[in-house]
Amino acid sequence: MKAMYLKAPLQFELRDVPLRAPENGEVVVSVRACGFCGHDLILARYAAEDWQPFGHEFSGVVEEVGADVTNVRAGDRVAVETSTFNFLSDPARNGRPDLDTKGPSYMDMRHTAMGFAERTIVPACLCVKTGGLPFEQACFLEPMGVAYDLILTADIHLGDDVLVMGLGSIGLMALQMARRSGARRIYAADRSHNKAKLELAKAYGADEIICTDETDLTVYPFERGSVERVLVTTPPGTIDLATRAAGIGGIVAFLGISYGEQAMAAFDSNVVHLKKLQIRASNAIPALYFPRCIDLMNAGQVDVSRLITHTFPLDDAVKGLTAFVNDKHTAIKAVMIGDGVSARG
Ligand SMILES: [Zn+2]
């Protein structure tokens, strides 16, 4: 069976790998669509010191179920949460399942094949049925849940002005959700080289586009002088900029994992103190909100199909991903489209 592997710097390989049988509580998912995540890109660029399988934003069909699986059966169309909470954990029992970060996880398993593969083994409790949602949309449920968590973290109120920093697929989904949440004016900020992102931000409802390599955000003439909410999907080093754009009482919602020095962020504590700002972290461990996101897609309130700029079958994934990571001008999201099933081997 075929599965993709990656290693820094930017090496991809299609391998022939075995897939074990599903154990108790596990299922085999035949992958029909898998998105390439910004985190996969970080791994490929510099974080993966050894070859590893990848792909955690996927949808597919349950092909085989292990013992003691009750929530899905063979033939069900599903998307897969990267992790979930343990309902017996103290945080869950205290009413905050979102704070249980130690529940069952797809990411912590030892895989021979992850989402960028013909098939992968998944704990059944992470499978969410997606009904008639097209596979290439259903594979966005994982990052969309991340965007939804960011929106809840930012606590946008009707009439707030919102600055979205970073117009990758999470930023562009969050932008649409901010619009639906009642934002008055949306400012979308990113560097200027990728025109596709900027145009899509406009199409998704941004009122003003700010190219941060051409315009200094700290002196940008926001209509109210500042914004009530900032959604930061750019690297941690930009949190300082976000605190300067936020007005008094503002909330800066941040997500994104970084490594080494890139993870360090500095900001002026006086800015935060004097403006009574809150810097809030969003972290989608456990993954949540898939049912809500399915509803948002089905209702047309969040569109993901226009985010897909690159598609390819698994057999062409090395070429397809290489083209995607080298495309500085139009790349937003690469999605591998599965072409069915072959024998496990
Ligand atoms: Zn992801």
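The values are calculated or read from the model by the stated rules, or taken from the named source; none is laboratory data. Quick caveat, the model's predicted, so the values are computed rather than measured. Here Cβ is always computed from backbone atoms with ideal geometry, including for glycine, and neighbour counts include all displayed protein chains.
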ask   = of a type in the set (A, V, I, L, M, F, W, C), assigned to a loop (DSSP other than H, G, I, E, B) and either within 16 Å of the ligand (Cβ to nearest atom) or surrounded by 21 or more Cβ atoms within 10 Å (Cβ to Cβ) (or both): does that describe Met144?
value = no
task = Return yes when Val128 is more than 14 Å from the ligand (Cβ to nearest atom) and touching a Pro at 6+ places or on another chain (Cβ under 9 Å) and no when it is not.
result = yes
query = Looking at (1) within 14 Å of the ligand (Cβ to nearest atom); (2) touching a Phe, Trp or Tyr at 6+ places or on another chain (Cβ under 8 Å); (3) under 15 Å from Val28 (Cα atoms), which is the one condition that is false for Ser169?
reply = (3)
Condition broken by Gly25, with the remaining ones in (1) buried (at least 18 other Cβ atoms within 10 Å of the Cβ); (2) touching a residue at least 40 places away in the same chain (Cβ under 8 Å) satisfied = (1)
query = In region 34-80, what count of residues is obtained for those that are of a type in the set (Gly, Ala, Ser) and over 21 Å from Glu118 (Cα atoms)?
reply = 4
message = Cβ-Cβ distance below 8 Å, separation of 6 or more or different chains: which pairs start in region 292-316 with a residue that is over 17 Å from Ala203 (Cα atoms) and end on one that is aromatic (Phe, Trp, Tyr) and in a helix (DSSP H, G or I)?
response = Arg292/Tyr148; Cys293/Tyr148; Leu296/Tyr148; His310/Phe324
ask   = Name the residues in region 48-84 that are within 14 Å of the ligand (Cβ to nearest atom) and of a type outside the set (S, T, N, Q), would you?
value = Phe54, Gly55, His56, Glu57, Phe58, Ala79, Val80, Glu81
ask   = In region 98-115, which residue that is under 17 Å from the mean Cα position of the chain (by Cα) and closer than 13 Å to Phe58 by Cβ is surrounded by the fewest Cβ atoms within 10 Å (Cβ to Cβ)?
value = Met107
remark   = Picked from region 47-57 (must be in contact with a strand residue (DSSP E or B) (Cβ under 7 Å, 6 or more places away or on another chain) and not aliphatic (A, V, I, L, M)), the residue farthest from Arg77 (Cα to Cα) is Asp50
remark   = Selection from region 98-141 of residues in a helix (DSSP H, G or I), under 27 Å from Asn298 (Cβ atoms) and not aromatic (Phe, Trp, Tyr) yields Asp98, Ala124, Cys125, Leu126, Glu136, Gln137, Ala138, Leu141
ask   = From the list Phe12, Phe85, which residue is within 27 Å of Gly168 (Cβ to Cβ) and either without any contact (Cβ under 8 Å) to a residue 40 or more places away in the chain or part of a loop (DSSP other than H, G, I, E, B) (or both)?
value = Phe85
query = If you go through region 305-314 one residue at a time, do you hit one that is surrounded by 19 or more Cβ atoms within 10 Å (Cβ to Cβ), more than 20 Å from the chain's Cα centre (by Cα), not assigned by TED's automatic domain parsing to the domain that holds Gly171 and not in a loop (DSSP other than H, G, I, E, B)?
reply = yes
task = Could you look through region 32-47, keep only residues that are farther than 17 Å from Met109 by Cβ, within 16 Å of the ligand (Cβ to nearest atom) and assigned to a strand (DSSP E or B), and pick out the one that is farthest from the chain's Cα centre (by Cα)?
result = Ala33
query = Could you say whether any residue in region 37-46 is crowded, with 18+ Cβ neighbours inside 10 Å, touching a strand residue (DSSP E or B) at 6+ places or on another chain (Cβ under 6 Å) and within 17 Å of Val335 (Cβ to Cβ)?
reply = yes
note = When region 147-166 is checked residue by residue, the ones that are aliphatic (A, V, I, L, M), touching a helix residue (DSSP H, G or I) at 6+ places or on another chain (Cβ under 9 Å) and either more than 16 Å from the ligand (Cβ to nearest atom) or in a strand (DSSP E or B) (or both) are Ile151, Ala154, Ile156, Val162, Leu163, Val164, Met165
message = For region 167-178, which positions are within 12 Å of Ala206 (Cβ to Cβ), in a helix (DSSP H, G or I) and under 15 Å from the mean Cα position of the chain (by Cα)?
response = Gly171, Leu172, Ala174, Leu175, Gln176
